[in-house]
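Participant: One structure, pasted below without further comment.
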Amino acid sequence: METQQIAQLDKRLLDFINEWKGKKGKEIMILHKVQEIYGFLLRALAMEVSRLIDLPLAKIYGIITFYHIFKLKKPGKYQISVCMGTACYLKGGNDIISELENILGIGVNCVTEDGKFSVEVVRCVGCCGLAPVMIIHGKTYGNLKKGDLPKILGEYGESVLLDKENHV
Amino acid sequence: MNKMKKGDLADFRRNHKSSHKGEVVISMGTCGIAAGGDSIYKLFESEMKEKGLDNIQLKKTGCLGMCFCEPNLVVKLDGMPDILYGNVDEKTAILIMNEHLTKKRIVNFNTIFMPTDDIGKKIFRD
Amino acid sequence: MDNQYIFVWEPDPSKSKAVYNYLVKKVNDRNLGDKVEVFKSTYIGLTSSRPIIRILPNDTIYKDFEQEDLGEIFEAISSGRKVNRFLCEFESKIAPVPEKDSHSKQFKIVLRNVGYLDPENIDEYIRRGGYKAMEKAIFQMKPEEIIKEVKESGLRGRGGAGFSTGLKWELTREEPGEEKYVICNADEGDPGAYMDRSVLEGDPHSVIEGMIIGGFAVGCKEGFIYIRAEYPLAIERLEKALASAREYGLLGKNILGSDFNFDIELRWGAGAFVCGEETALMASIEGRRGNPTPRPPFPSQSGLWKKPTFINNVETWANIAPIIEKGSSWFSSIGVGKSKGTKVFAVTGKVKNPGLIEVPMGTTLREIIYDISGGILGDKKFKAVQTGGPGGGVIPEKFLDMSVDYETLQSIGSMMGSGGLIVMDEDDCMVDVNKFYLQFSVDESCGKCSPCRIGGKQLLDTISKITAGNGDMKDVQKIRNISMAMQKASLCALGQTTPNPVLSALQYFENEYIEHITHKKCLTGKCRDLVQYSIIPEKCIGCGVCAMKCPVKCISGEKKKPHLIDGNKCVKCGECFASCKFSAIKRS
Ligand SMILES: Cc1cc2nc3c(=O)[nH]c(=O)nc-3n(C[C@H](O)[C@H](O)[C@H](O)COP(=O)(O)O)c2cc1C
Ligand code: SF4
Ligand code: SF4
Ligand code: SF4
Ligand code: FES
């Protein structure tokens with residue numbers, strides 16, 4: 001069973017762990033790598049990592065639950081991060097979230113039924129000059145207006161969305 | 001590159017001067033890219049090649065601090081004042097290449113100023 | 001005479017281009033088109049309520065002139081003279097060094113290269129004088145001399161607390177032991193601030209050079225940059241910069257052929273604001289939960305892996321090379337009082353030109369907001385500016401002319417913080433903004449100590465009660481009591497400073513609290529439970545615009561007849577209020 005799981009581990013992750021094993025301050029870096037490759041931290045993965053770097057599972061969970069970035073649930077294919085830092089809040093970040101809710105039918109920290117989108121809130125991505133800001137799948141959108149959202153989501157092939165629009 | 005030794009830095013500064021007649025510097029921090037800076041960069045890259053403007057260096061830089069007019073870029077040509085253009089879209093970009101880079105005529109469109117002098121150059125003057 | 005380029009900036013070009021039009025006409029009338037060119041400029045380096053003209057190549061700025069004076073100014077330009085009485089030159093009392101920029105209220109030391117060089121190309125950094133200070137430090141200075149220089153420069157930490165950088169280095173140097181660490185705090189958690197990101201993305205080598213000098217002075221072999229994972233581009237550029245510095249022999253073994261070995265590695269944060277606090281940051285690098293620990297022991301005594309460690313902020317590091325290059329007296333002649341040098345601010349919120357600026361310490365808030373950042377968006381009324389992030393405070397209009405430095409800001413209940421400067425206008429509700437900051441601090445509290453964990457929650461609940469219209473005057477006293485307990489008993493600065501925004505709002509905007517509590521009103525409409533929208537039938541012409549805008553479709557009515565809002569369905573978004581062109585919608 002155990003060997004089987006190692007066999008499944010992504011090679012990039014194994015290489016990374018081997019490279020970092022002897023380094024100081026490797027724990028969080030390795031967990032970042034797991035999440036980069038798998039999108040979230042499956043329990044089985046946490047167990048593997050625990051074994052490979054010889055760190056108790058409880059410690060790993062201690063880290064994962066403390067830091068906001070680590071996800072225990074599978075996010076959508078396209079993650080939408082809406083900034084709710086101060087600048088974005090003042091310039092209407094709330095409206096962006098409620099508009100996303102209107103369009104996608106999901107609130108913060110939820111995934112659409114088809115698994116395509118998930119919405120989360122982040123605290124300042126450093127583009128405050130362009131507030132309000134959101135990030136989809138690594139791409140940043142600034143100076144957002146509610147009306148821009150359908151078009152932007154359209155870039156991610158959201159045709160369902162256009163249907164929905166027509167219904168309203 | 002061989003590892004540098006004491007004194008090599010000064011030699012490097014003496015011997016590696018830029019051979020270009022000017023440069024186009026595009027703001028490409030996270031915010032500049034978010035505002036479209038990278039597509040403007042690509043446009044300049046391909047168009048400048050096409051127009052044979054290879055004595056002008058195209059480069060990217062960090063955030064100039066002018067977030068309100070991103071994407072922005074600076075054109076520095078020998079014998080002309082440095083000009084910063086803000087809110088550069090494709091149309092302005094083409095105009096800048098056709099007029100400013102080619103004919104040395106400043107485009108009367110979204111021109112802006114460098115908010116400050118280049119103090120860095122003064123601090124580390126040789 | 002060289003070609004003359006005249007750039008015209010007018011405060012609201014959509015309303016008036018009088019200056020531009022006049023000058024263009026003059027040029028045409030005189031047939032000077034091939035010698036003098038006139039341009040419209042959208043920003044000219046400074047802003048004002050009146051037009052500004054800037055003439056190149058000799059870079060003359062004219063301001064505060066009247067339309068009638070333009071003739072005289074034009075004659076002067078076309079004959080190569082100047083009109084002295086409208087000349088704008090800043091004789092800066094706060095940056096009297098020869099390098100100062102007399103055409104701008106800004107002065108860029110930290111941002112000296114940002115926007116000028118390609119951050120991914122080490123050659124450009126070197127060509128602009130990069131690593132010169134490092135070479136000088138390693139070959140011409142003793143570690144003690146470097147520390148003395150930094151100490152005497154008066155440089156204080158730019159990450160928040162403002163502790164003397166040189167002293168911190170000295171304390172760490174004096175600790176026994178071979179193994180010591182240097183850390184760069186690039187966790188920039190303050191929501192609404194991005195100074196450090198810009199430096200790391202725009203000039204990573206300036207931070208690296210500073211750290212090498214610091215490592216050499218204190219006697220370290222290893223350094224870490226703890227950086228937010230939310231800044232992927234900064235991480236990428238830093239990695240590239242580190243790799244090229246190693247390749248050039250500026251980092252690693254035997255730097256520049258000397259016997260000094262030093263290397264730097266990145267460690268990523270993981271989205272916890274509290275990890276900006278030094279003890280939590282070190283716990284995080286060590287691979288633990290980011291809980292702060294009590295001091296003493298100080299990091300200089302027992303830091304990373306229990307070894308002597310010193311931590312400085314990104315901006316602090318970027319100041320080091322210029323100090324070594326130009327000397328401590330150069331640096332300490334810039335600024336005021338006990339605040340030397342410059343400070344970078346991210347000016348955001350309701351200003352016309354949000355952006356990143358760097359000014360000498362001692363510049364006033366009014367100069368920053370009105371002369372550099374263009375004033376308030378849409379010419380609304382200024383209400384307050386928040387400095388210091390979630391642990392800072394609001395500053396009302398009456399203090400706009402106060403100098404920005406560590407001591408002054410503290411004396412009016414705010415703090416320098418890392419450099420976020422968030423401008424609020426009359427449409428922002430202080431109680432609502434306080435709620436926002438409290439929500440942030442409560443979310444980010446690590447939960448280790450109860451004053452912060454429980455006190456913060458209680459504060460938030462009390463304020464939420466007030467914004468929901470259930471407030472009671474007794475709540476104000478309750479807020480003060482909880483705040484006092486948090487300030488006194490919290491373990492780290494997060495808990496200690498959480499109440500600051502509320503306390504300062506109570507001090508300067510108490511009437512807004514009272515309005516919410518006793519009149520159950522929020523004049524800005526931000527606290528949705530306290531507003532009602534209704535249509536004034538006499539004013540409504542029945543155009544239907546509001547009905548189209550309403551997201552919940554709760555406005556109805558026949559065309560050309562007064563419309564009606566269904567108060568039960570209304571979600572108080574205010575869209576209708578903003579969209580009605582006939583002021584027929586009332587907010588109360
Ligand atoms: C809750 C909290 C968050 C902090 N966040 C940061 C930060 O994001 N960046 C930073 O440089 N300092 C931050 N600090 C301040 C650091 O603890 C520390 O004072 C600073 O890094 C020291 O560097 P300096 O002396 O150069 O300012 C924070 C402090 C607290 C209490
Ligand atoms: S004050 Fe707050 S953040 Fe700091 S240690 Fe206590 S609970 Fe944690
Ligand atoms: S406030 Fe918003 S929800 Fe209420 S009536 Fe106006 S538009 Fe509709
Ligand atoms: S927008 Fe104003 S005038 Fe038009 S229907 Fe609505 S309330 Fe009446
Ligand atoms: S507050 Fe949204 S990017 Fe900074």
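Participant: Scan the stretch C:366-389 residue by residue and report those that are open to solvent by less than 10 Å² (accessible area, probe 1.4 Å) and in a helix (DSSP H, G or I).
Facilitator: Those that are open to solvent by less than 10 Å² (accessible area, probe 1.4 Å) and in a helix (DSSP H, G or I): C:Ile368, C:Ile369, C:Ile372, C:Gly389.
Participant: Just to be sure I understand, how many residues within the stretch C:152-191 are assigned to a helix (DSSP H, G or I), in contact (Cβ under 8 Å) with a residue 40 or more places away in the chain and more than 7 Å from ligand 1 (Cβ to nearest atom)?
Facilitator: Going through the stretch C:152-191 one residue at a time, the tally reaches 6.
Participant: Provide a single number: the residues in the stretch C:567-585 that are out of contact with any Lys or Arg (no Cβ under 9 Å at 6 or more places or on another chain) and either surrounded by 13 or more Cβ atoms within 10 Å (Cβ to Cβ) or under 14 Å from C:Gln532 (Cα atoms) (or both).
Facilitator: Residues that pass the stated criteria total 3.
Participant: Please find, among C:Gly525, C:Gly495, the residue that is under 30 Å from the mean Cα position of the chain (by Cα), open to solvent by less than 50 Å² (accessible area, probe 1.4 Å) and either at positive phi or within 10 Å of ligand 3 (Cβ to nearest atom) (or both).
Facilitator: Working: C:Gly495 fails: either at positive phi or within 10 Å of ligand 3 (Cβ to nearest atom) (or both).
Just a single option satisfies the conditions, and that option is C:Gly525.
Participant: How many of the residues in the stretch C:336-352 are of a type outside the set (Lys, Arg) and surrounded by fewer than 24 Cβ atoms within 10 Å (Cβ to Cβ)?
Facilitator: 2
Participant: If you don't mind, another one. Restricting the stretch C:453-477 to residues that are touching a residue at least 12 places away in the same chain (Cβ under 8 Å) and exposed (fewer than 14 other Cβ atoms within 10 Å of the Cβ), which is farthest from ligand 3 (Cβ to nearest atom)?
Facilitator: C:Met473
Participant: Give A:Tyr78, A:Tyr61 a once-over and let me know the one that is open to solvent by 30 Å² or more (accessible area, probe 1.4 Å), more than 16 Å from ligand 1 (Cβ to nearest atom) and in contact (Cβ under 8 Å) with a residue 60 or more places away in the chain.
Facilitator: On the way: A:Tyr61 fails: in contact (Cβ under 8 Å) with a residue 60 or more places away in the chain.
Answer to the check: A:Tyr78.
Participant: Right, something else. Of the conditions (1) facing another protein chain (nearest Cβ under 7 Å); (2) within 15 Å of B:Ile26 (Cβ to Cβ); (3) surrounded by fewer than 20 Cβ atoms within 10 Å (Cβ to Cβ), B:Ile112 satisfies every one except a single condition; which number is it?
Facilitator: Against the list (1) facing another protein chain (nearest Cβ under 7 Å); (2) within 15 Å of B:Ile26 (Cβ to Cβ); (3) surrounded by fewer than 20 Cβ atoms within 10 Å (Cβ to Cβ), B:Ile112 comes up short only on (3).
Participant: Does C:Ala584 count as within 14 Å of chain A (Cβ to nearest Cβ) and away from ligand 2 (no atom under 16 Å from the Cβ)? Give the derivation first.
Facilitator: Numbers: within 14 Å of chain A (Cβ to nearest Cβ): no; away from ligand 2 (no atom under 16 Å from the Cβ): yes.
Judged against the criteria, C:Ala584 is not a match.
Participant: Got a sec? Which helices (runs of 4 or more DSSP H) wholly within the stretch A:45-128 have at least 1 residues that are outside the structural domain of A:Tyr141 (by TED's automatic domain parsing)?
Facilitator: The helices (runs of 4 or more DSSP H) meeting that bar are A:57-66.
Participant: Here is a follow-up. Please determine whether any residue of the stretch C:87-105 is β-branched (Val, Ile, Thr), open to solvent by less than 40 Å² (accessible area, probe 1.4 Å) and within 16 Å of ligand 1 (Cβ to nearest atom).
Facilitator: Among the residues of the stretch C:87-105, not one is β-branched (Val, Ile, Thr), open to solvent by less than 40 Å² (accessible area, probe 1.4 Å) and within 16 Å of ligand 1 (Cβ to nearest atom), which makes the answer no.
Participant: Here's something else I'd like to know. Which condition number does A:Thr140 fail, the rest of (1) of a type in the set (Val, Ile, Thr); (2) part of a loop (DSSP other than H, G, I, E, B); (3) within 14 Å of chain B (Cβ to nearest Cβ) being met?
Facilitator: (2)
Participant: So which of C:Asp263, C:Asp259 is open to solvent by 10 Å² or more (accessible area, probe 1.4 Å), without any contact (Cβ under 8 Å) to a residue 40 or more places away in the chain and farther than 30 Å from C:Ala95 by Cβ?
Facilitator: Numbers: C:Asp263 fails: without any contact (Cβ under 8 Å) to a residue 40 or more places away in the chain.
Just one listed residue meets the conditions, C:Asp259.
Participant: When only residues in the stretch C:266-286 that are within 8 Å of chain A (Cβ to nearest Cβ) and surrounded by fewer than 21 Cβ atoms within 10 Å (Cβ to Cβ) count, which is modelled with the lowest pLDDT?
Facilitator: C:Gly271
Participant: Would you please list the contacts, defined by Cβ atoms under 7 Å and residues six or more apart or on different chains, that run from a residue in the stretch C:9-37 that is without any contact (Cβ under 8 Å) to a residue 12 or more places away in the chain to a residue that is open to solvent by less than 40 Å² (accessible area, probe 1.4 Å)?
Facilitator: C:Ser16/C:Glu10; C:Val27/C:Val36; C:Val27/C:Val38; C:Gly33/C:Val27
Participant: So, one more: Tell me yes or no: at least one residue of the stretch C:69-78 is modelled with pLDDT of 85 or more and either assigned to a loop (DSSP other than H, G, I, E, B) or assigned by TED's automatic domain parsing to the domain that holds C:Ser403 (or both).
Facilitator: No, the stretch C:69-78 contains no residue that is modelled with pLDDT of 85 or more and either assigned to a loop (DSSP other than H, G, I, E, B) or assigned by TED's automatic domain parsing to the domain that holds C:Ser403 (or both).
Participant: Filter the stretch C:415-452 for residues that are of a type in the set (Val, Ile, Thr) and open to solvent by less than 10 Å² (accessible area, probe 1.4 Å); which is nearest to the other protein chains (Cβ to nearest Cβ)?
Facilitator: So, considering only residues that are of a type in the set (Val, Ile, Thr) and open to solvent by less than 10 Å² (accessible area, probe 1.4 Å), the one nearest to the other protein chains (Cβ to nearest Cβ) is C:Ile422.
Participant: Answer yes or no as to whether C:Ser339 is away from every other protein chain (no Cβ under 11 Å), closer than 26 Å to C:Ile212 by Cα and without any contact (Cβ under 8 Å) to a residue 40 or more places away in the chain.
Facilitator: When the stated conditions are applied, C:Ser339 does not pass them.
Participant: Just one of C:Ala76, C:Ala137, C:Ala95 is in contact with a Pro (Cβ under 7 Å, 6 or more places away or on another chain) and away from ligand 2 (no atom under 16 Å from the Cβ); which is it?
Facilitator: Answer to the selection: C:Ala95.
Participant: Could I ask something else about it? If you check C:Ile109 against the conditions, is it within 10 Å of chain B (Cβ to nearest Cβ), within 25 Å of the chain's Cα centre (by Cα) and surrounded by 24 or more Cβ atoms within 10 Å (Cβ to Cβ)?
Facilitator: It is true that C:Ile109 is within 10 Å of chain B (Cβ to nearest Cβ), within 25 Å of the chain's Cα centre (by Cα) and surrounded by 24 or more Cβ atoms within 10 Å (Cβ to Cβ).
Participant: Of the conditions (1) under 23 Å from the mean Cα position of the chain (by Cα); (2) within 16 Å of C:Cys492 (Cβ to Cβ); (3) of a type in the set (D, E, K, R), C:Asp432 fails just one. Which one is it?
Facilitator: (2)
Participant: Is there a residue in the stretch C:557-570 that is aliphatic (A, V, I, L, M) and in contact with a helix residue (DSSP H, G or I) (Cβ under 6 Å, 6 or more places away or on another chain)?
Facilitator: No, every residue in the stretch C:557-570 fails to be aliphatic (A, V, I, L, M) and in contact with a helix residue (DSSP H, G or I) (Cβ under 6 Å, 6 or more places away or on another chain).
So that you can scan it fast, the table gives a plain yes or no per residue for (1) open to solvent by less than 10 Å² (accessible area, probe 1.4 Å); (2) touching a strand residue (DSSP E or B) at 6+ places or on another chain (Cβ under 7 Å); (3) at the interface with chain C (Cβ under 8 Å from one of its Cβ atoms); (4) on the phi > 0 side of the Ramachandran plot:
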site: B:Gly37; (1), (2), (3), (4): yes, yes, no, no
site: B:Glu45; (1), (2), (3), (4): no, yes, no, no
site: B:Gly52; (1), (2), (3), (4): no, no, no, yes
site: B:Leu58; (1), (2), (3), (4): no, yes, no, no
site: B:Met66; (1), (2), (3), (4): yes, yes, yes, no
site: B:Val74; (1), (2), (3), (4): yes, yes, yes, no
site: B:Leu77; (1), (2), (3), (4): no, yes, no, no
site: B:Asp82; (1), (2), (3), (4): no, yes, no, no
site: B:Ala93; (1), (2), (3), (4): yes, no, no, no
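Participant: Also, I was wondering about something else. Any idea which of B:Ile26, B:Ile33 is within 12 Å of chain C (Cβ to nearest Cβ), of a type in the set (Val, Ile, Thr) and open to solvent by 40 Å² or more (accessible area, probe 1.4 Å)?
Facilitator: The unique qualifying residue is B:Ile33.
Participant: Quick check on my filter: what residues within the stretch A:111-127 are open to solvent by 10 Å² or more (accessible area, probe 1.4 Å), out of contact with any Pro (no Cβ under 7 Å at 6 or more places or on another chain) and modelled with pLDDT under 90?
Facilitator: Within the stretch A:111-127, A:Val125 is the sole residue that qualifies.
Participant: Could you say whether any residue in the stretch C:386-399 is closer than 26 Å to C:Trp9 by Cα, of a type in the set (A, V, I, L, M, F, W, C) and modelled with pLDDT of 95 or more?
Facilitator: no
The values are calculated or read from the model by the stated rules, or taken from the named source; none is laboratory data. Computed from a prediction, not measured in an experiment: that's the story for all the values here. Don't worry about glycine lacking a Cβ; one is built from the backbone with ideal geometry, like all the others, and counts go over all protein chains shown. The area values use the complete protein model at the heavy-atom level, side chains included, leaving out ligands, DNA and RNA. Shrake-Rupley method; radii C 1.70, N 1.55, O 1.52, S 1.80 Å.
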